[in-house]
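Visitor: Submitted below is the structure of interest, expressed as structure tokens.
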2 protein chains.
Amino acid sequence: MGETAQGEIAEHRAEEEEVEVEEEVEERSGGSQAASFSSTQSSHRLLAYSDALISIIATVMILPVAHTKLEDNEELKESVQLLLTTKICVYLMTFLIVTLAWAAHIRLFQVIVRIDDCLALLNLFCMMLITFLPYTFSLMATFPKNHLGILLFCACVMVIGLIQAVIVLYAFGRPILLSEHIQASENQSVYKQHILHVIVRVPLTCLLAAIVSFIFIQLSYVLLAFVIFLPYIFQALKWCRSKALGQAEEPPASILLYTYHPNEPLSKERVEAFSDGVYAIVATLLILDICEDNVPDPAVVKRQYDGSLIAALQDYGPEYLAYFGSFATVGLLWFVHHSLFLHVAKTTRLMGLLNTLSLAFVGGLPLAYQLTHGFPRNSRNELEAIQISCVIIFFAGINQLGIWVVALYSERETLHPCVRYGGHEHVFMLAKLALYPCVALATFFLTCILSKFSAPIFHLMEITVPFAFLVLRLLVRAGLALLRLVFCPERPDPRIVLEEEAEPFDVPVA
Amino acid sequence: MGETAQGEIAEHRAEEEEVEVEEEVEERSGGSQAASFSSTQSSHRLLAYSDALISIIATVMILPVAHTKLEDNEELKESVQLLLTTKICVYLMTFLIVTLAWAAHIRLFQVIVRIDDCLALLNLFCMMLITFLPYTFSLMATFPKNHLGILLFCACVMVIGLIQAVIVLYAFGRPILLSEHIQASENQSVYKQHILHVIVRVPLTCLLAAIVSFIFIQLSYVLLAFVIFLPYIFQALKWCRSKALGQAEEPPASILLYTYHPNEPLSKERVEAFSDGVYAIVATLLILDICEDNVPDPAVVKRQYDGSLIAALQDYGPEYLAYFGSFATVGLLWFVHHSLFLHVAKTTRLMGLLNTLSLAFVGGLPLAYQLTHGFPRNSRNELEAIQISCVIIFFAGINQLGIWVVALYSERETLHPCVRYGGHEHVFMLAKLALYPCVALATFFLTCILSKFSAPIFHLMEITVPFAFLVLRLLVRAGLALLRLVFCPERPDPRIVLEEEAEPFDVPVA
């Protein structure tokens, strides 16, 4: 180990120094250009900030759901139905629309890779309007027959589209800001036309929807749904057909920009940043409430509990449990996501879609956990809350697994060698991704059978899963060894063979 | 332009390809090692996620402040005094303590630069306890004479310290996880001893404070304050003395690890990530409330407003204004921060401290803006709310300026050439950083003189500042040209001379 480690260290250091010098060169060349252009900058941090803003906004509509007080004496089913009809729908639709706006933002800044002050300010203005979208949307949901909500929504979308068009025009006026692919190409104006065409389509339809809303409001909702979903449905159908008929001639990635093709590349860095934002907000949602609501009033403590703070805090026990439970689950789902994306080399739009679905379920987790601890022991409500939690965990996990399955379909482009079929980390990754869905499913069925012990089963699950992750590598090795022992005891250890075989796969991902 | 641009493009592409190949190599070498070690990973995303969590937690205690209802009929001064005594103090102290925990986290992960699954899970557990700190702190503030709060707080800190010690022991057991500097050094065990010594100091004092709290509770508060602030005060005094006496022999950066020296390096990436998180949460704080509270009830609209949604929404006008105003201000302060850190090459602990102070003020902005619009026109309350807003903006901006001033003291290490004294972006950067403090100060004094027109003056400020940023470069050039014309009309354009002079400074930053 000593020598290889030392070698690696030296290599690392050399690499880092090179990168530093390169950065310095880049910075300086950027600086000396500042006299002719105004100074251009890497867009990295602007995008990180935008991702943080959008991820907060995407999850914000879960708060009205979480703060809806459920009465103990009424059945959970009724309350859930009440929630389902309005607030959960608003949450899911907001999540969808905000992530669509985010996807459009990614698309835009895959074309524009450097920014200057002017673009940064335009982007901030754009963000301000995007953060206002959830509110217009909840107005639309609360007053479906009033055209004010739809007008506000359309106005926001139109202004966002307008700003995006201005950004595109501005960037094509200063080609230094564009991605190298477009900078190098001969027909920049074709790109410009195509991009503007795609961007302008949405605000124009919104304008139409706004006008129609004065005459026949249902039609304008149809128009909006139409403009949002059509490109995706259309492209999904086309892709399914091409997969079914086997016409697998993929166009090169560069041509896929600004199409809605499922294989259109999606910046991996931004998918990670957005996911981090959502996981971070969701993990802390309950502590936000706890900090605000669960500090008892000194006067009340003195009157009701004889000044005993411990007795007063014991009432909040379920809230603390819910917080730690949901933090652990969200944190571990983040951990799985992190492990997966460490081995993903390229993200496609379809993987992004599955990721969004997974995140949408994750957003509902704190609420479900809060419900779990909010009802009297062994009540029907408690059982249902626990089962809902299991279902949410299952879908959050299964969509993560889906990302990997989709990645495996074109593994030579999207995955690093060690997690491909036959890679030495393949089984381990599968175990990591499958752990939560399997445990959630098992817990669900166990609570169906042993409904009396549903709460202990659920708590046992909460406690054992983190430890399972800690020793997962050992478990997987033991499992593999057991399988080998049972099915083919005379064959040599396959891992050694696999690693030797894996070498030819180690070509750099293009 | 064409040729230089094309040249740069080619250079860029070559650079990026190199980086890609390097990453690939690193990834592969990491992969092939996975058989002997368990797989090690870059810690980048773990740290980004931790930064997101900590930034949310640092700002969360502003929510109880923001949700304190101020009555119209009582004087703002009284309510502000009421707030100041408890909730704002809790907010500021929480912000301080959480950022101290964050600084310890940075310190730890500057030593440990690669992670594996086990470290990731330990870190998540550590995060869970850090997110619980604000709650224990607000218990302490609400019940200062009850030792439960202090016990909970000490328990959290002790467990956090224990986990950090475990992380250090684990990492020194697998040296591949450590930073190259320590990997290469002969006396790893000396480092280990030193780091453990620093880490264990805090939980041990907390243990003492917890024990003392049973006997004499005031003493335990003193102990806690002592352990938190002493290293900083001590180091600050030492640093001031060395500066005053001119003994400017700085030890090399590597020896500064795990000291509390103001020049101890602080990962610039993490300062940026933390700041982005705080700015993003603060910018959206008001929309969180708006989405939850400001959707009118359909029944109320029908009864009170004759079904006119517009009339119902007009009541919320001030809330919208407050939202857009605070979003714009926070967004522009982020923009200034972003511009500054683009030109910062290295961050020191002192710069980090000023950054934290700036962020603490930024956290109070949404609240101040909400107050601004929450009182009747031309009332004394409104004037005071506007003046408080100005003061907060001023301090947020002046601390940003402070970061730059501190950076200028050791500019050869901390700043990129173009913003150093005499660099061609120097004046422009000064203008950017000084714009908000100047405008805030001007608005403050104007509202003192013309107290009748305070609201229009404030709104005018809100509207003009974004445009001022858009045309700032032009303004600075015009200003410089004017100065030149007035003071020395016969000299040639100094910018050209400065750029030629600037060349020798362009040595790569070590």
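Visitor: Hey, among A:Leu121, A:Leu108, which residue is in the same structural domain as A:Ala48 (by TED's automatic domain parsing) and without any contact (Cβ under 8 Å) to a residue 40 or more places away in the chain?
Guide: Unique residue meeting the criteria: A:Leu121.
Visitor: Taking the options B:Ile112, B:Ile150, name whichever one is more than 11 Å from chain A (Cβ to nearest Cβ), out of contact with any Cys (no Cβ under 8 Å at 6 or more places or on another chain) and farther than 22 Å from B:Met61 by Cα.
Guide: Of the residues listed, the single one that is more than 11 Å from chain A (Cβ to nearest Cβ), out of contact with any Cys (no Cβ under 8 Å at 6 or more places or on another chain) and farther than 22 Å from B:Met61 by Cα is B:Ile112.
Visitor: How many of the residues making up the stretch A:198-229 are in contact with a Phe, Trp or Tyr (Cβ under 9 Å, 6 or more places away or on another chain), under 22 Å from A:Arg349 (Cβ atoms) and of a type in the set (A, V, I, L, M, F, W, C)?
Guide: So the count comes out to 3.
Visitor: Of the conditions (1) surrounded by fewer than 20 Cβ atoms within 10 Å (Cβ to Cβ); (2) modelled with pLDDT of 85 or more, B:Thr259 fails just one. Which one is it?
Guide: Among (1) surrounded by fewer than 20 Cβ atoms within 10 Å (Cβ to Cβ); (2) modelled with pLDDT of 85 or more, B:Thr259 violates only (2).
Visitor: Could you please give the count of residues in the stretch B:299-331 that are more than 9 Å from chain A (Cβ to nearest Cβ), under 14 Å from A:Asn146 (Cα atoms) and touching a Phe, Trp or Tyr at 6+ places or on another chain (Cβ under 6 Å)?
Guide: Count: 2.
Visitor: Evaluate the stretch A:181-199: report whether one residue or more is more than 28 Å from the chain's Cα centre (by Cα), among the β-branched types (Val, Ile, Thr) and buried (at least 16 other Cβ atoms within 10 Å of the Cβ).
Guide: yes
Visitor: Sticking with this one: Look at A:Gly423 and say whether it is at pLDDT below 85 and surrounded by 15 or more Cβ atoms within 10 Å (Cβ to Cβ).
Guide: When the stated conditions are applied, A:Gly423 passes them.
Visitor: Can you name every residue in the stretch B:47-65 that is facing chain A (nearest Cβ under 7 Å) and closer than 16 Å to A:Asp293 by Cα?
Guide: Those that are facing chain A (nearest Cβ under 7 Å) and closer than 16 Å to A:Asp293 by Cα: B:Ile57, B:Val60, B:Met61, B:Leu63, B:Pro64.
Visitor: On to the next question. Does B:Cys118 satisfy being more than 18 Å from the chain's Cα centre (by Cα), surrounded by fewer than 23 Cβ atoms within 10 Å (Cβ to Cβ) and at pLDDT 85 or above? Can you show your working first?
Guide: Working: more than 18 Å from the chain's Cα centre (by Cα): yes; surrounded by fewer than 23 Cβ atoms within 10 Å (Cβ to Cβ): yes; at pLDDT 85 or above: yes.
Spelling it out, B:Cys118 is indeed more than 18 Å from the chain's Cα centre (by Cα), surrounded by fewer than 23 Cβ atoms within 10 Å (Cβ to Cβ) and at pLDDT 85 or above.
Visitor: Sort out which residues of the stretch A:174-216 are within 14 Å of chain B (Cβ to nearest Cβ) and of a type in the set (Lys, Arg), and write them in order of number.
Guide: A:Arg174
Visitor: I've got another one for you. Take the stretch A:280-296 and flag every residue that is open to solvent by less than 30 Å² (accessible area, probe 1.4 Å) and more than 7 Å from chain B (Cβ to nearest Cβ).
Guide: Selection gives A:Val282, A:Leu285, A:Leu286, A:Asp289, A:Asn294, A:Pro296.
The values are calculated or read from the model by the stated rules, or taken from the named source; none is laboratory data. The shown structure was predicted, so the numbers you read here are calculated from the model rather than taken from an experiment. Positions of Cβ are generated from backbone atoms using ideal geometry, with glycine treated the same way; all protein chains shown enter the neighbour counts. For accessibility, only protein heavy atoms count, side chains too; no ligands or nucleic acids. Shrake-Rupley method; radii C 1.70, N 1.55, O 1.52, S 1.80 Å.
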